[in-house]
Every structure is written in structure tokens, then in C-alpha cells.
Amino acid sequence: MAGARGPLKLPKHLKAVPLDTDRVESAAELVPALAPHKPEAVAEDPELSKLWDDIVPQLDQAGLITVSDGPAVELTLRHFQLARRASSAVGKNITVKDHHNGGTLKKNPAEAVFRAESEMFLKYAMQLGMTFVSRARTPATRGGEDDGDNPFSAPAGN
């Protein structure tokens with residue numbers, strides 16, 4: 001294969017596969033959008049299993065995940081689960097007594113866990129197209145073709 005800068009330089013053990021541009025617009029169209037199977041470790045945890053059952057079918061229906069996304073989905077859900085638990089642990093107790101420092105008040109340590117887990121969840125969620133901004137930047141692989149009324153849809157050819 002040759003491009004504008006000459007022949008494509010690949011390691012000798014690899015071979016470039018020409019893309020039929022008349023039939024396919026991008027290599028992403030060649031990857032089937034199939035939902036990953038629920039891992040055993042997720043299925044054994046009732047809370048994680050329910051999260052998987054609630055979220056994965058929606059991502060699959062939107063064409064946002066493939067089988068290889070299973071580990072990323074699992075980590076996303078685990079961060080969400082930990083953030084939820086930390087938030088519940090904080091409850092109304094934003095401050096707690098510091099028994100190591102004369103009983104003075106300090107910020108509840110669970111709040112820092114909540115913040116850290118929420119941040120990691122959002123990073124994974126953006127990669128998986130689970131935020132409105134990430135979906136606005138990613139053209140849908142399934143669904144209607146008429147996005148003329150959607151101001152956030154990506155223009156054709158992007």
C-alpha cells in the first residue's frame with residue numbers, strides 16, 4: 001500500500017489489508033459491535049451484576065461497546081460501586097472527630113475515596129461513551145441516520 005508519503009512501512013511479519021473504501025467508510029465498521037459477556041467475578045457480586053445488567057444492554061443498543069470492552073466495563077462499574085459505597089459512608093457526616101489529634105474535627109476520609117472513585121469512573125465512562133459530551137463527539141454506529149435536528153451530532157465525514 002502506498003500513501004501520500006510513499007509505501008506504508010510495516011514490520012516484516014505484518015501485512016497491510018486494503019480497505020474497500022467503496023463499501024466501508026472506516027475500519028471501525030469492520031469490528032462487530034457485540035456486548036461483552038458478563039465475567040464470573042461480576043456475576044458473583046449481586047450489586048455489580050445488577051449494574052452490568054442495567055448498563056451493558058444500553059451501551060450495546062447504542063453500538064458503543066464490543067466484546068473487547070469487557071474489562072473496561074467491569075472496571076467502570078467497580079469504580080461506580082466504590083463511589084456509591086463511599087458516598088453512603090459519608091452520609092450526613094462531612095466531618096468526623098480525629099481521635100489521634102485531640103478530638104478535633106476533620107474531613108470524613110470516605111469523602112476523599114468518593115472523589116477519587118468518581119474521578120476514575122468518569123474517565124472510564126468517557127472512554128465508553130457513557131457521558132453526553134463523549135457521545136456528542138462520537139458518531140453513533142447504530143440508530144437513526146437523520147441527526148439534522150441534533151446540534152451535538154458529529155458532522156458527516158468526521
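Restricting attention to helices (runs of 4 or more DSSP H) lying wholly within segment 31-132, give those where 3 or more residues are under 11 Å from the mean Cα position of the chain (by Cα).
46-61, 70-90, 109-128
Being within 21 Å of VAL133 (Cβ to Cβ) and either modelled with pLDDT of 90 or more or out of contact with any Ser or Thr (no Cβ under 7 Å at 6 or more places or on another chain) (or both) is the requirement here; does LEU77 meet it? Yes, satisfied. Beta carbons closer than 9 Å, at least 6 apart along the sequence or on distinct chains, pair a first residue in segment 46-73 that is surrounded by fewer than 17 Cβ atoms within 10 Å (Cβ to Cβ) with a second that is of a type in the set (Phe, Trp, Tyr) for ALA72/TYR124.
The values are calculated or read from the model by the stated rules, or taken from the named source; none is laboratory data. Everything numeric here is computed off the predicted structure, so don't read it as measured data. No Cβ is skipped: glycine too gets one built from the backbone with ideal geometry, and neighbour counts run over all protein chains shown.
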